[in-house]
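Structure, as structure tokens:
The values are calculated or read from the model by the stated rules, or taken from the named source; none is laboratory data. Here the structure is a predicted model, which means the values were calculated and not measured. With ideal geometry, Cβ positions are generated from the backbone for all residues, glycine too; neighbour counts draw on all protein chains shown. Please note that ligands, DNA and RNA were not included when accessible areas were found on the heavy atoms of the full protein model with its side chains. Shrake-Rupley method; radii C 1.70, N 1.55, O 1.52, S 1.80 Å.
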There are 2 protein chains.
Amino acid sequence: MNSTTAPPDAGGRIRELIVTPIAFADPPLLNADGVHEPLALRCILQLVLEDGTVGLGETPGGSARLARLQRAAKILPGHNVFDTTALCAAVDETLLPDVPSAHERGWTTSAIEVACLDAQGKLTGRPVSDLLGGAVRDSVPFAGYLFYKWAEHPALDGRPAIDDPWGEALTPDGIVAQARRMQELYGFTSFKLKGGVFPPDEEIAAIEALREAFPGAPLRLDPNTAWTVETSAYVAKRLDGVLEYLEDPTATIAGMADLARISPLPLATNMCVIAWEHLKPAVRDNAIQVLLTDHHYWGGLRRTRELAAVCEAFDIGLSMHSNSHLGISLAAMTHVAAALPRLDHSCDTHYPWNSGSDIIEPGVLKLENGEVRVPTGPGLGVTLDTDALERMHRRYLDSGIRDRDDSGYMRRVHPDHRPGLPRW
Amino acid sequence: MNSTTAPPDAGGRIRELIVTPIAFADPPLLNADGVHEPLALRCILQLVLEDGTVGLGETPGGSARLARLQRAAKILPGHNVFDTTALCAAVDETLLPDVPSAHERGWTTSAIEVACLDAQGKLTGRPVSDLLGGAVRDSVPFAGYLFYKWAEHPALDGRPAIDDPWGEALTPDGIVAQARRMQELYGFTSFKLKGGVFPPDEEIAAIEALREAFPGAPLRLDPNTAWTVETSAYVAKRLDGVLEYLEDPTATIAGMADLARISPLPLATNMCVIAWEHLKPAVRDNAIQVLLTDHHYWGGLRRTRELAAVCEAFDIGLSMHSNSHLGISLAAMTHVAAALPRLDHSCDTHYPWNSGSDIIEPGVLKLENGEVRVPTGPGLGVTLDTDALERMHRRYLDSGIRDRDDSGYMRRVHPDHRPGLPRW
């Protein structure tokens with residue numbers, strides 16, 4: 001990095017990046033891979049500036065990503081927090097020899113970019129959305145994220161059971177009941193079902209039950225590439241006019257392109273177009289009609305705006321992906337979604353599944369009427385709850401869990417569960 | 001606009017936009033349309049906030065663009081300067097019924113966006129490049145912009161002659177001499193020749209003379225669509241290995257796509273891909289290999305970063321276009337070019353042709369070693385010279401000139417000059 005735009009004493013000099021792995025309770029949510037383990041892993045970033053300002057970030061955990069963040073942390077001190085592009089490029093360059101996947105490197109740079117923007121907002125007294133061109137909407141719509149789930153975790157390995165008031169959902173009626181509860185609690189007016197769990201006809205029946213229960217509500221289904229192109233085409237025809245889009249029915253850009261030629265439904269992805277290098281082939285082959293962006297791996301919040309511009313230029317609809325997350329991620333998602341000139345669909349969020357856990361002080365982020373109001377305080381507008389951070393870090397340390405393994409957990413319960421997709 | 005992210009009293013509330021048309025001396029530079037008139041027209045924007053902060057902008061003049069800016073000025077007061085996206089969308093919407101061209105509306109919104117960013121930088125104490133992700137380079141390379149030109153303006157209509165030390169340049173030797181002087185004064189290490197003036201073989205000879213005089217210096221030629229596809233192909237073959245790219249040899253995306261299939265040289269444009277809606281067909285048809293961006297019509301500085309991301313995703317090289325301009329534009333061009341992760345070519349600039357005129361106080365912007373150092377002060381980092389502004393506004397008023405007309409001026413001198421391209 002050769003940039004010296006801001007003199008070293010102008011504020012914004014980075015002292016250190018503190019990366020804290022945490023664990024928090026996660027219900028037994030089912031997906032094509034298996035089932036969510038009792039604990040979800042995240043990493044919390046505190047980017048500390050020389051003047052004591054702290055920029056926050058949050059990103060998925062796991063030993064590889066944690067190690068990369070710790071490695072990135074070594075090169076940040078002394079640089080200016082406003083030099084975000086150059087900092088992220090330097091981190092990317094550091095990781096490149098060992099991490100060939102641009103997508104994987106993106107998780108690291110993205111987390112750092114968000115922490116930089118939070119710090120920039122705090123230094124300048126502006127909400128992060130203002131650093132992205134300003135919020136074009138006061139609140140951001142989210143979809144109720146429905147999961148097939150078990151009533152309880154079968155294997156808690158001696159750890160205390162989590163508070164899971166959601167109960168079992170393994171049938172169309174169970175999914176509708178879950179959706180009703182989601183709507184009652186948070187006011188969602190659109191729903192996404194995580195599929196790929198049961199044979200396609202059962203999941204079609206669940207969607208049809210949702211359609212009947214929520215007439216006019218936008219619906220979508222995401223089997224996480226559990227299906228062949230043929231099965232996907234069958235589902236797309238069955239659910240034509242019912243879903244707003246079909247998300248990742250089948251794997252790869254080539255598979256999606258084959259399907260797109262015969263599917264009456266728009267196809268969406270957060271699995272086959274997950275790095276900048278995938279955009280060109282996806283557009284060339286008309287493989288997707290909707291892109292689920294995710295600032296956690298596309299390079300951060302400014303890059304998400306840039307990605308939205310690509311989607312605008314190439315007539316690709318825009319939606320937003322979510323993994324299990326807490327409030328720092330929700331704040332970041334809300335700021336960037338508020339700043340996007342065109343947001344075609346409500347955003348995904350796992351937030352209702354966090355069992356009431358959070359590492360931010362309560363009060364700022366509320367899911368009401370299916371929306372989250374954009375925080376108006378400086379930066380992300382949320383405050384780290386250091387006690388909660390310590391508690392969740394302790395839980396991480398005590399758990400011994402270092403990597404997510406939905407498939408392994410499922411096999412411990414159902415030894416006949418075979419990994420490998422497509423399944424149908 | 002429904003955004004209320006920043007409370008009205010948080011700073012940044014817009015009081016008014018003052019738009020001042022100005023005129024400054026321009027030498028008789030030749031191009032495919034005709035010849036530059038003795039005065040170039042620009043509009044200077046002063047976006048005044050309630051707290052007295054002023055954001056500066058500069059954009060081409062002309063009666064239609066001036067009228068649009070004045071119309072836009074009416075809707076800005078009371079809004080927050082950080083709501084740039086929403087403000088520009090509101091301006092765009094206001095113009096839409098009467099200005100169907102997205103490109104034309106882009107000139108207006110872009111000028112306002114730059115003024116907003118200058119004000120934001122001043123409010124937050126950061127250079128504009130920091131608001132764009134930070135400068136990844138301390139200085140920005142520019143190309144020496146060579147023109148065929150007459151020694152003097154033949155028709156000054158009684159106005160005093162301008163100080164034009166450049167003399168005539170109508171031959172390969174004249175162009176080489178101009179390039180040498182450019183290099184001597186400003187240190188340029190790359191050159192662009194504005195072509196479309198003489199028959200292609202003469203312009204090829206000029207480029208070959210430049211190649212001989214400046215071995216290894218990147219060269220490019222821009223005839224502003226003066227040629228047919230066939231003529232363009234002939235020139236491209238003749239100059240293969242000599243030019244880094246051939247700029248707008250022929251008109252339209254279709255014409256460029258036809259040419260691209262047979263041209264050994266990369267093709268560049270700032271004429272057929274000039275609005276977001278042009279990107280999709282241009283990429284689909286592989287019509288261009290280099291895009292000359294211009295923040296004055298692509299939507300401003302943040303949009304230019306977004307455009308650069310499109311170019312990155314679709315393997316299109318990035319360069320920068322310039323019209324006759326003064327220091328506010330040069331500062332904006334420098335900030336955004338400094339912030340672009342990848343800038344593949346030196347930027348164009350007419351700045352050496354401004355006859356020493358400027359509306360900013362001297363000292364910040366210097367063309368040295370072919371580069372401009374990125375200003376480090378808040379906002380664009382330049383200060384309006386109000387005396388110069390008044391003087392140039394007076395010149396505009398007195399001149400009676402309200403629209404650029406290179407072709408009409410040429411016909412006054414050479415009545416046989418026929419407009420209409422391609423000419424060869």
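Test B:D358 against the stated conditions and say whether it is in a loop (DSSP other than H, G, I, E, B), more than 28 Å from B:D258 (Cβ to Cβ) and among the charged types (D, E, K, R). Yes, satisfied.
Considering the range A:104-123, and only residues there that are among the hydroxyl-bearing types (S, T, Y) and in contact with a strand residue (DSSP E or B) (Cβ under 9 Å, 6 or more places away or on another chain), the residue that is nearest to the other protein chains (Cβ to nearest Cβ) turns out to be A:S110.
All but one of (1) within 14 Å of chain A (Cβ to nearest Cβ); (2) assigned to a loop (DSSP other than H, G, I, E, B); (3) not aliphatic (A, V, I, L, M) hold for B:S324, so report the exception by its number. For B:S324, the exception is condition (1). With respect to (1) away from chain A (no Cβ under 14 Å); (2) in contact with a His (Cβ under 9 Å, 6 or more places away or on another chain); (3) not polar (S, T, N, Q), the lone exception for B:L87 is condition (1). Among the residues making up the range B:93-117, those that are charged (D, E, K, R) and surrounded by fewer than 18 Cβ atoms within 10 Å (Cβ to Cβ) are B:E93, B:D98, B:E104. Of all residues in the range A:29-48, none are out of contact with any His (no Cβ under 7 Å at 6 or more places or on another chain), part of a helix (DSSP H, G or I) and open to solvent by 10 Å² or more (accessible area, probe 1.4 Å). Checked against (1) surrounded by fewer than 18 Cβ atoms within 10 Å (Cβ to Cβ); (2) within 14 Å of chain B (Cβ to nearest Cβ), A:T171 meets all criteria but (2).
When B:D130 is tested against the conditions (1) over 30 Å from B:R211 (Cα atoms); (2) buried (at least 24 other Cβ atoms within 10 Å of the Cβ); (3) in contact (Cβ under 8 Å) with a residue 12 or more places away in the chain; (4) not aromatic (F, W, Y), the lone failure is (3).
Filtering A:L210, A:L221, A:L292 for residues that are touching a His at 6+ places or on another chain (Cβ under 8 Å) and either within 30 Å of B:N286 (Cα to Cα) or not charged (D, E, K, R) (or both) leaves a single hit, A:L292. Counting the residues of the range A:268-315 that are within 19 Å of B:R305 (Cα to Cα) and β-branched (V, I, T) gives 3. Among the conditions (1) open to solvent by less than 10 Å² (accessible area, probe 1.4 Å); (2) at pLDDT 95 or above; (3) more than 14 Å from every other protein chain (Cβ to nearest Cβ), A:L17 misses just one, which is (1). When we screen B:E361, B:E312 for residues that are more than 13 Å from chain A (Cβ to nearest Cβ), without any contact (Cβ under 8 Å) to a residue 40 or more places away in the chain, charged (D, E, K, R) and open to solvent by 10 Å² or more (accessible area, probe 1.4 Å), the only hit is B:E361.
Mind checking whether some residue in the range B:252-273 is over 23 Å from B:D348 (Cα atoms), within 14 Å of chain A (Cβ to nearest Cβ) and out of contact with any strand residue (DSSP E or B) (no Cβ under 8 Å at 6 or more places or on another chain)? No, because not a single residue in the range B:252-273 is over 23 Å from B:D348 (Cα atoms), within 14 Å of chain A (Cβ to nearest Cβ) and out of contact with any strand residue (DSSP E or B) (no Cβ under 8 Å at 6 or more places or on another chain).
One residue alone among B:L330, B:L340, B:L301 is hydrophobic (A, V, I, L, M, F, W, C), open to solvent by less than 20 Å² (accessible area, probe 1.4 Å), in contact with a Phe, Trp or Tyr (Cβ under 7 Å, 6 or more places away or on another chain) and in the same structural domain as B:D285 (by TED's automatic domain parsing), and that residue is B:L330.
Please go through the range B:133-144 and give me each residue that is buried (at least 24 other Cβ atoms within 10 Å of the Cβ) and more than 8 Å from chain A (Cβ to nearest Cβ), ordered by number. Hits for the range B:133-144 are B:V140, B:F142, B:A143, B:G144. The test for being on the phi < 0 side of the Ramachandran plot, within 14 Å of chain B (Cβ to nearest Cβ) and of a type outside the set (A, V, I, L, M) holds for A:N80.
Looking across the range A:179-210, the residues that are open to solvent by 10 Å² or more (accessible area, probe 1.4 Å), part of a helix (DSSP H, G or I) and of a type outside the set (K, R) come down to A:Q183, A:E184, A:L185, A:Y186, A:P200, A:D201, A:E202, A:A205, A:E208, A:A209.
For B:G57, indicate whether it is within 14 Å of chain A (Cβ to nearest Cβ), crowded, with 23+ Cβ neighbours inside 10 Å, under 18 Å from the mean Cα position of the chain (by Cα) and small (G, A, S). Considered against the rule, which asks whether it is within 14 Å of chain A (Cβ to nearest Cβ), crowded, with 23+ Cβ neighbours inside 10 Å, under 18 Å from the mean Cα position of the chain (by Cα) and small (G, A, S), B:G57 comes out as no.
Being surrounded by fewer than 22 Cβ atoms within 10 Å (Cβ to Cβ) and either at positive phi or within 12 Å of chain B (Cβ to nearest Cβ) (or both): is that true of A:A151 here? Spelling it out, it is not the case that A:A151 is surrounded by fewer than 22 Cβ atoms within 10 Å (Cβ to Cβ) and either at positive phi or within 12 Å of chain B (Cβ to nearest Cβ) (or both). Of the residues making up the range B:86-134, those that are within 18 Å of B:S329 (Cβ to Cβ) and among the aliphatic types (A, V, I, L, M) are B:A111, B:I112, B:V114, B:A115, B:L117, B:A119, B:V128, B:L131, B:L132. Of all residues in the range A:90-103, those satisfying the criterion of being touching a helix residue (DSSP H, G or I) at 6+ places or on another chain (Cβ under 8 Å) and away from chain B (no Cβ under 14 Å) are A:T94, A:L95, A:L96, A:V99. Contact annotation: residue pairs with Cβ atoms under 9 Å, 6 or more positions apart or on different chains, pairing a residue in the range A:234-262 that is of a type in the set (K, R) and modelled with pLDDT of 95 or more with a partner that is open to solvent by 30 Å² or more (accessible area, probe 1.4 Å) and in a helix (DSSP H, G or I), are A:R238/A:D201; A:R238/A:E208. Only one of the listed residues (A:S346, A:S399) is crowded, with 24+ Cβ neighbours inside 10 Å and closer than 23 Å to A:D26 by Cβ. That residue is A:S346. Inside the range A:267-309, residues that are among the hydrophobic types (A, V, I, L, M, F, W, C), outside any loop (DSSP other than H, G, I, E, B) and in contact (Cβ under 8 Å) with a residue 12 or more places away in the chain make up a count of 12.
For the range A:366-401, the candidate set comprises residues that are over 21 Å from the mean Cα position of the chain (by Cα) and of a type in the set (S, T, N, Q); within that set, the residue that is farthest from the other protein chains (Cβ to nearest Cβ) is A:S399. Residues in the range B:211-243 that are touching a Lys or Arg at 6+ places or on another chain (Cβ under 6 Å) and surrounded by fewer than 22 Cβ atoms within 10 Å (Cβ to Cβ): B:V242 alone.
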